[in-house]
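A.B. asks: First the structure, which I've put down as structure tokens, then a few questions once you've had a look.
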């Protein structure tokens, strides 16, 4: 990930951050199952570490899947 990310919407500077204060988000495909009538959701490998960036000018948020984890 480059040090300086530019907003694709307005050209402003993007700052790295997180969602709900969590700076290490994980993305993966979702598998839904039902256990004793209760719905369960789990992530299926491979997983990806996600970086969040927010434009300081217009507020646009982008998420980047940057590093693969698990196989």
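Laboratory data are not the source of any read-out in this text; all were calculated from the coordinates shown. Everything quoted here is computed from the prediction, not taken from an experiment. FYI the Cβ positions are ideal-geometry reconstructions off the backbone, even for glycines, and counts take in every protein chain you see.
A.B. asks: Using a Förster distance of 22 Å, how high is the FRET efficiency between residue 64 and residue 44, based on the Cβ-Cβ distance and rounded to 0.05?
C.D. replies: 0.65
A.B. asks: Just one of [x] 21.4, 60; [y] 12.7, 42; [z] 15.7, 50 is Rg and Dmax of the Cα atoms in Å calculated from these coordinates, so which is it?
C.D. replies: Computed from the coordinates, Rg and Dmax of the Cα atoms in Å corresponds to [z].
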